[in-house]
Each structure stands twice: as structure tokens, then as C-alpha cells.
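Reviewing the structure listed below.
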Amino acid sequence: MKEASPRTIYLKDYRPPAFLIERTELRFALGEDSTQVESRLRLRRNPAAATPAAPLVLDGEDLELLSVRLDGRDLAPGEWVQDAESLTLANVPDAFVLEIVNRIKPQENTRLEGLYKSSGNFCTQCEAEGFRCMTYYIDRPDVMSVFTTTVVGEQARYPVLLSNGNPVEKGVLDDGQHFVTWHDPHPKPSYLFALVAGNLSCLEDSYKTASGREVALRIYVEPHNIDKCDHAMASLKKAMRWDEQRFGLEYDLDIFMIVAVDDFNMGAMENKGLNVFNSKLLLARPDTATDLDYERIEGVIAHEYFHNWTGNRVTCRDWFQLSLKEGLTVFRDQSFTAEVTAGTVKRIDDVRMLRSRQFVEDAGPMAHPVRPPSYMEINNFYTVTVYEKGAEVVRMYETLLGREGFRRGMDLYFERHDGHAVTTDDFLAAMADANGEDLSQFQRWYEQAGTPRVTVEDAWDAASGRYTLTLRQSCPATPGQPEKRPFLIPVAVGLLDAQGRDMPLRLAAEAQAAGTTRVLRLTEAEQQWVFEGLVERPLPSLNRGFSAPVRVSYPYTETQLAFLAAHDADAFNRWDAGEQLATRVLLGLIADIQAGREPALPERFLTAFAAVLTDAGLEAAVKAEMLMLPSENWLAEQMDVIDPDAIHAARSYARRALAGELEAQWLGLYHTHEVSGEYRFDPRDAGRRRLRNLALSYLAALDGKPMRQLAASQFEQADNMTDSLGALAALMLIDGAEREQALATFYDHWRNDPLVLDKWFALQASAQRPDTLARVEQLMQNPAFSIRTPNRVYSLIGAFAGNPTGFHAADGSGYRFIGAQVETLNALNPQVAARMVGVFTRWRRYDAGRQAQMRAELERLQGLDLSRDVYEIVSKSLQ
Ligand code: 0A1
Ligand code: ZN
């Protein structure tokens, strides 16, 4: 809970650890009231330590200390100093064995950090600093140790006892207890430690690595979920193969285990050889999981597996380097998904999310560089900037160096750093050295926050056939960084002729044209490129494939955007041109509504939209992307003063107009995209379902009985969750008895499956209706809801917090409601509370009335006894 003034930790203060831990032996005796932890650590002074005679300081929080022994001698209480966060031993030898016994209470752990109970089973979450909640330790990632762990528990209650590595011994003890000892030969930091004990069923399989080793694969779940593990297993094997083929990386233990738990703060965790997953990212059956769930599961299974090399074998020196493992691993999982599905769709989804969330974070009070210089609470820095922008930064190496150059850099990175805890500087150096490049300016992507803006101007000289592009870059001020220096920005550019074909590109001073997309390296505040030998004035296609995480502006006319949307050879930019056009049209409608004018959809937009809708050559999934209107959040970001009601009214108007004008086409699309046969999760079928459900949601905007019946009949007939939820989502948009009836049917059917009910909670909490808050308050009373389970909180309270017209209701009711939930959660689970309070950070972007109410709520929270997690976000928002 709140300290006088929470400490800030700075990267510049990093010092190597005073001691190293060569061996860690642990014994956990799990009990119904408390758990006893015995540790035996072989320590020695770090030769690289800053101070030669420093005392030994161990991290530890909320531990009941029972005994301390040094080299076999019991120490008396006067021989150590204990405070709320540490245990200090002065005058220790240069090398020694320390034995500590302490007690903890996992049953009372509602924060879900360290050892806790979930559905009657024990599990752990140690990243970032949870290990210290179990025993005293040097709990930092640059202390890597070889672990041997014995788990002791009651055989009847906890038949399965797991930890990292390979099982080396097991046996039965007195009183119905049994034990298993695990040994992990790979030195690892404490944050990768895991322990699981419970009554779990296991799906088993095996995998032969490229070099011919057999690896046992095991997925552990509660017995009633055993029929929902096949997709996760298939995904795992796919990811293992991909990493061998793409990066030459093989798995390195005899067993790989995954455990699903219902109570988990985040998505999943890459503990060495024993991944722990939030059950929502593992369990899937056609009738319980949507296509999106299937895709996410595949991606997250891959992500955690890929961490084995990018994170575990090579780990972070300190938590400021978090993106070293996260940005790189997200890049790897994005590449995996793009290569095993339809690549363009994945790229569009990733960029949509980056723009609507990371660009927003980058423009607010919590903006921070990919490598933050400081933090109060590290758990607050598992952000879209560290993860998603970090992945874009890694992608830029690949864009700059090419696929092979990037691979050379990766190979050198592993050759240099396997088994070590390193920094993003080391990663950059490996990329540069492997390719003989000077990438020093690239460093600024790690150091400077904010989304750069690239402004493009062009000039055409018909007489000489020369076309000049002038690129200027700037980056807005962010907290603590008023001025920015120019970034090294790879801008991929193509030029289209009047027929929409790519022109061959020849830059001044080049002998001949080469290729139709060029990566321009923008390094200065302003730079020019001259293309020669062109026979007509081209139309530029800029930042193709979203080659850099920047905002690009070029004065396109609406006609030009429609032309790019129809013709650009770069499929991503085709989508992006459509998105820009739609954004412009919607901003126009918003302005009309604000000014009290009658909104009207421009004819040109309708024509362009209809052309996409009826284009027989477009893949269904891509078409669905192109027909989705920009989100309310994205539109909000484009406004000086955000007006949530006008945004919602404009977007609803546009949906209705597009549905009405093109009703026959939508219906045609709906009926021709039915997927026959048994449900399969494959990109083609999933694309068709996505498009068909999108058609249904447009048609729902037309209201009226026929559409209600269309949705209701899809709901009744659906044999898979994608179509069932698609229909329910459409019904949520229409008033009428069908909606309540479908909600009731869904609840009755799924009342015992909490993960499916989460979808039901989320749909109702995100409904943009006047009675939504009342509904959410009522749903909190539902027996299926519990404020102690993060998944329930995210799906009900979190979905409401993300509901633009619900949270931002002009009367302030949404603010007061979320504020009250944050207050409750702050005491129970600070990480979850911190995620809920995030919606308040952007209060300055709203009108005076909303600003005052959001600010009042933040100030009220600031006056409470806050956890470090919530305090950091509240105080930085008010600064
Ligand atoms: N490293 C995991 C995510 C994770 C991060 C933090 C946690 O607790 C604060 C838990 C999990 C990943 O990237 O998948
Ligand atoms: Zn990760």
C-alpha cells in the first residue's frame, strides 16, 4: 500500500548485482492454511560488482521469516536486518551457502503475484517481481541460477506437482503427502520460476526436433476442460516447427508443459519449460471459442514458446530492457501468424491496434519510450509501447537490413549472448555488426517517446520527367522530453501511374530502375529524393506495409485516396487509403452533427465503398477489413476536443446509410458466404465467417423485423461460437424481444462455462445504449461474476470502461462507477486496478464538463491509500 512517496527507479542507477546465486534449491510444503518454503542458495560475490564489500541484500515481501543459516550455522535475529521489502546480512564471506525457511499464505493472495490458489489448485506468477513474495532472493533478471525444486503436497488434493525442467525424483511421504523434485539445467532468473500443484488432467503428445530429439508435450487443465486442448497442442507443434525453420531455434529440454489457470492477471507466462496460461488463451472448442479466440490462442501459444529463446536463453539485464524480450517476441509471433494465415489481414489488425491504442498512449501522460528511463511500478510498463511499438522497432531492422540481414543479426545475437542477461543496446549492436552497418541513430527509437510525424510534399517536372519527394519529420513533446532528435525512419515508397500500376523506380544517380518499392532512409529533419525517367506524374504510395510506426501526411484528395484504395499494389496501403478516406468522411459527418446540420454520406465515398463490397476478386477476410469503419477510438484521436456522442452518432448514421443504400448487396454477400460443413479453424473459412457476420451487423443497423429475424435465425442455427456470437452482437444493435430472448438463451446454455459467459458480459457492457450502466451494475450481482477473477473484471467492468458513450456519459455516471471499481480493486489486486484506471489518463482531451468530472474522480482516487500501481498512473495523469 501507499508509501509516503513511492520510489522512482531509474535506468541510470543500474549497478551489477553484488552477489550471484550459482545454485538455488527450493522446497515448497503446500498446506491448506499456509505454505512453508525452504531455500538453499549457493552465493558468491560478483567479481563485476561495483562495491567489493557490500552487504547481502535479499528482496522479500510479506514473508514470515522462520530461520536463517549461513554455512550450516543458525544465525540469531541480531545478525540480520529485516524490513518490509528486504533482508540484509552484513559481513558475509565471499562464497557461502545460505539456508532460509519462511512461511507464506497463498490462500490469502488476491494480487495473483507469487504463489496463489486458483480453482483449488496452486500456481505461481513471478514476472516481474513475484518471486520475492514467496521467499527471500536476489529478485532481479540479471541474477541467473540453476534451480532444483521439490514440491510437497497432499496426494489426494494435488496429484500433479510441477516445476521447471525435468522431474528427477518422486516419492510418497507420511500423512498422505507426496513429492516431486524438478531440476532445470538452464540457468534462469527468478521471474521464470514456476510451480503448479493440483488435480489436473493432461493432454499428451510429442515432438521430434529438427536434430531428432524427442520432446514430451503436455497440456494440463482442470479435468472438465480436457476436450478443449487440441487446438493449443496443434498450435504448439506448429510454432516449434516454424521457429526451427525460420530462425534455426530448437527446443532445449525433454519436456514442455503448459498449464491453464482461471485466475491470471495477464495473458500467459513463459516460465522455463512450464508455461502458465490464462485459460481464456488456451481452451477452445468450436462451440465455445470464436475464430478470433482460435487465432489468439495460436498466437499466444507461439509467443510464449518463442520466449524460450528470446527471453529465457537470452534474458533482460534489468526491467528497463523489457522490450528486448517482448518487442522481439511479439515481432516473432506476428511474423508466425502472418506466415501461417493471410499475411495482409494480420498486418492490418496489428496496425489498427497499434494506432488505436499505442498512438493514444504515446500522446498521453503515460507516454514512455520503448526503453523507459524510469518507473515507479514495473508492472505498469507491460504496455502497448513496450510490446507493440517494440515489435515495430524490431520490424524496422528487418525492413532496413532485409530478411537475410535480419537473420544474420539474430544469429549473431544468440552467438554472443546465449545464457546471458543483456540490453537493447546489445541487440542493436548484433544487428549492426552482423551487417556491417552503423545503426547508432536507430538507438533513438528506444530512447524517445512519441509518434513521429512525417510530412510529404512532392513536385513534378514534366519536361525532365523528374519527380521530387520531400520528407520532413517531427515528433511531439512527451513527458520529460520537450525536444526530439530526428529518427532513422525507413519509409517504403511506391509510385503509381494513371492506370494504377506500379512504376519502376530509378533514383537520381542510379544507372537503371530497380524494383517498384523503395525503402527511403529518412535520417534528417528534412530530406529530398528525386526519381527520374518517369513518363507521367505519379501518385505516391507512402509507408507501404506500414514500414515505420509514424503518422504520414500527404495532401491526398478524396479521389486520390479512392484510387489508391482500388489500385495500390501494396495490399496494406490499399486498406489504409480506404481507412483514411473513411476517417475523413466520418470527421465531416461529426462536424455536421456538431453544427446541427443534416449529415449526408458523400456520393464518392458510397461509390468507392460499393465497389469494394461487390469486388469479386477480393479475398473475404481482406474485404471484411476494408468494409469496417474506423473505430470510435480512432476517430476520437483525430479530434481536438473529443465529442463521444457526436462520434457515435456519426458512425451510427454512416453504418445505417451504408446498410440502407446497399441493402441488396449486403444480403447477397450474407447469403453467398455461408460456410458449409463442419467447423474448421482455417483462414479461408474464418474470413468468410468474418465477412458474413460483418454483413449481418450492417443489416442490423436497418432495424425492423426482417433483420431481427435474420439475426435470430443465425443465432438459433449456429453450430459454432463465431456465428452464435456474431448473431448475438447483431441483435444487441436492435431493439426488440429477440435481443432479450437470445441473451437469456445464451445464459441458460452457458451458465456453467465462465469463459463463455465472459463474452455475454462483455457484449452487454459494450452496448452503446442508455441503460448500459444499470445493466452492468445488475450483472455484477450475477452469481457468475466475481471481482476477484481478472477475466470477469476485464469482460464486464473493463468492457464498460472501453465503451465510449457509456464511460463518457455526460452526467459523469460512468466515471464515478469506474472510479469506485478501481477503489475496490486497488485493495484486492493492484495490477488489475491499474489496468482499469488507465481510461482516465486522457481526461484532458475532452470538453470542459467531462474534464472536470474525470479530474475530480482522479483527485478523489489520489487521496486514497493507493497501491504503487494505481498511484503511479493517477499521479502522472494529474501532473
Ligand atoms: N511475459 C508475459 C506476460 C506477463 C507479464 C507480466 C506479468 O505479470 C506482471 C505476467 C505475464 C508475456 O509476454 O507473455
Ligand atoms: Zn511476452
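The values are calculated or read from the model by the stated rules, or taken from the named source; none is laboratory data. Just so we're clear, the structure is a prediction, and the values are computed from it rather than from any experiment. Note that we place each Cβ from the backbone using ideal geometry, even for glycine, and neighbour counts take in every protein chain shown.
Just one residue in the set Thr110, Thr150 is touching a Lys or Arg at 6+ places or on another chain (Cβ under 9 Å), hydroxyl-bearing (Ser, Thr, Tyr) and more than 16 Å from ligand 1 (Cβ to nearest atom); that residue is Thr150. Report the residue count in segment 466-483 for those that are of a type in the set (D, E, K, R) and without any contact (Cβ under 8 Å) to a residue 40 or more places away in the chain. Counting residues in segment 466-483 that are of a type in the set (D, E, K, R) and without any contact (Cβ under 8 Å) to a residue 40 or more places away in the chain gives 1. Return a yes/no flag: does segment 752-761 have any residue that is among the β-branched types (Val, Ile, Thr) and either in contact with a Lys or Arg (Cβ under 7 Å, 6 or more places away or on another chain) or farther than 17 Å from Asp262 by Cβ (or both). There is no residue in segment 752-761 that is among the β-branched types (Val, Ile, Thr) and either in contact with a Lys or Arg (Cβ under 7 Å, 6 or more places away or on another chain) or farther than 17 Å from Asp262 by Cβ (or both). Look through segment 298-319, keep the residues that are among the charged types (D, E, K, R) and over 15 Å from the mean Cα position of the chain (by Cα), and return whichever of them is nearest to ligand 2 (Cβ to nearest atom). Among those residues, the one meeting the criterion is Arg313.
If you take the residues of segment 302-316 that are within 14 Å of ligand 1 (Cβ to nearest atom) and in contact with a His (Cβ under 9 Å, 6 or more places away or on another chain), which of them is nearest to Leu757 (Cα to Cα)? The selected residue is Asn312. Based on what the data block shows, is Arg355 more than 16 Å from ligand 1 (Cβ to nearest atom), charged (D, E, K, R) and in a helix (DSSP H, G or I)? Yes: the conditions hold for Arg355.
The residue of segment 242-277 that is nearest to ligand 2 (Cβ to nearest atom), among those that are of a type in the set (Asp, Glu) and touching a helix residue (DSSP H, G or I) at 6+ places or on another chain (Cβ under 7 Å), is Glu270. Is it fair to say Val370 is aliphatic (A, V, I, L, M), surrounded by 23 or more Cβ atoms within 10 Å (Cβ to Cβ), within 16 Å of ligand 2 (Cβ to nearest atom) and touching a residue at least 60 places away in the same chain (Cβ under 8 Å)? For Val370, the condition - aliphatic (A, V, I, L, M), surrounded by 23 or more Cβ atoms within 10 Å (Cβ to Cβ), within 16 Å of ligand 2 (Cβ to nearest atom) and touching a residue at least 60 places away in the same chain (Cβ under 8 Å) - is met.
Is segment 379-388 home to any residue that is closer than 29 Å to His186 by Cβ, assigned to a helix (DSSP H, G or I) and touching a His at 6+ places or on another chain (Cβ under 9 Å)? Yes, because at least one residue in segment 379-388 is closer than 29 Å to His186 by Cβ, assigned to a helix (DSSP H, G or I) and touching a His at 6+ places or on another chain (Cβ under 9 Å).
Candidates in segment 251-270 are the residues that are within 21 Å of Met144 (Cβ to Cβ) and near ligand 1 (Cβ under 9 Å from one of its atoms); of these, the one that is nearest to the chain's Cα centre (by Cα) is Met269.
When Leu796 is tested against (1) under 21 Å from the mean Cα position of the chain (by Cα); (2) closer than 23 Å to Pro365 by Cα, exactly one condition is not met: (2). Reported count of residues in segment 463-486, each being more than 25 Å from the chain's Cα centre (by Cα), in a loop (DSSP other than H, G, I, E, B) and surrounded by 14 or more Cβ atoms within 10 Å (Cβ to Cβ), is 3. For segment 620-660, taking the residues that are outside any helix (DSSP H, G or I) and either among the small types (Gly, Ala, Ser) or in contact with a Pro (Cβ under 9 Å, 6 or more places away or on another chain) (or both), the one that is nearest to Leu292 (Cα to Cα) is identified as Ser631. Of all residues in segment 518-530, at least one satisfies being under 30 Å from Pro365 (Cβ atoms), of a type in the set (A, V, I, L, M) and not in a loop (DSSP other than H, G, I, E, B). Take the conditions of a type in the set (Asp, Glu), assigned to a helix (DSSP H, G or I) and within 15 Å of ligand 1 (Cβ to nearest atom) and apply them to Glu298. Does it pass? The answer is yes for Glu298. Within segment 851-876, the only residue that satisfies the criterion of being polar (S, T, N, Q), farther than 20 Å from Ala809 by Cα and in contact (Cβ under 8 Å) with a residue 24 or more places away in the chain is Ser867.
For segment 282-296, a residue qualifies if it is touching a strand residue (DSSP E or B) at 6+ places or on another chain (Cβ under 9 Å) and within 16 Å of ligand 2 (Cβ to nearest atom), and exactly one does: Leu282.
When residues in segment 589-620 are screened for being within 33 Å of the chain's Cα centre (by Cα) and aliphatic (A, V, I, L, M), 6 of them pass.
The rows are residues; the columns are (1) acidic (Asp, Glu); (2) outside any loop (DSSP other than H, G, I, E, B); (3) in the same structural domain as Phe147 (by TED's automatic domain parsing); (4) modelled with pLDDT of 95 or more.
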{"residue": "Tyr158", "(1), (2), (3), (4)": "no, no, yes, yes"}
{"residue": "Gly171", "(1), (2), (3), (4)": "no, yes, yes, yes"}
{"residue": "Asp174", "(1), (2), (3), (4)": "yes, no, yes, no"}
{"residue": "Asp184", "(1), (2), (3), (4)": "yes, yes, yes, yes"}
{"residue": "Pro187", "(1), (2), (3), (4)": "no, yes, yes, yes"}
{"residue": "Val215", "(1), (2), (3), (4)": "no, yes, no, yes"}
{"residue": "His231", "(1), (2), (3), (4)": "no, yes, no, yes"}
{"residue": "Lys238", "(1), (2), (3), (4)": "no, yes, no, yes"}
{"residue": "Tyr251", "(1), (2), (3), (4)": "no, no, no, yes"}
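Restricting segment 114-131 to residues that are part of a loop (DSSP other than H, G, I, E, B) and of a type in the set (Gly, Ala, Ser), the residue that is farthest from ligand 2 (Cβ to nearest atom) is Gly120. Evaluation of Ala239 against the conditions (1) in contact with a Ser or Thr (Cβ under 7 Å, 6 or more places away or on another chain); (2) within 16 Å of ligand 2 (Cβ to nearest atom) shows that the sole unmet condition is (1). In the set Val535, Val519, Val552, only one residue is in the same structural domain as Lys346 (by TED's automatic domain parsing), of a type in the set (Val, Ile, Thr) and within 29 Å of the chain's Cα centre (by Cα); that residue is Val519.
Taken over segment 364-387, the criterion of being within 12 Å of ligand 1 (Cβ to nearest atom) and under 10 Å from the mean Cα position of the chain (by Cα) is satisfied by Tyr382, Thr383, Val386, Tyr387. Just one of (1) outside any loop (DSSP other than H, G, I, E, B); (2) away from ligand 1 (no atom under 16 Å from the Cβ); (3) touching a residue at least 60 places away in the same chain (Cβ under 8 Å) fails for Lys346. It is (3). Looking at Val360, Val384, which is the one that is more than 16 Å from ligand 2 (Cβ to nearest atom), among the β-branched types (Val, Ile, Thr) and touching a helix residue (DSSP H, G or I) at 6+ places or on another chain (Cβ under 7 Å)? Answer to the check: Val360. Can you say whether Leu66 is within 16 Å of ligand 1 (Cβ to nearest atom), assigned to a strand (DSSP E or B) and outside the structural domain of Ala827 (by TED's automatic domain parsing), as far as the supplied structure shows? Taking the combined requirement at face value, the residue does not satisfy it.
Has segment 317-340 got any residue that is within 25 Å of Lys228 (Cβ to Cβ), outside any helix (DSSP H, G or I) and within 15 Å of ligand 1 (Cβ to nearest atom)? No: zero hits.
Listed by position, the helices (runs of 4 or more DSSP H) contained in segment 696-814 that have at least 2 residues being more than 27 Å from Glu222 (Cα to Cα) and without any contact (Cβ under 8 Å) to a residue 40 or more places away in the chain are 704-717, 721-732, 737-750, 772-779.
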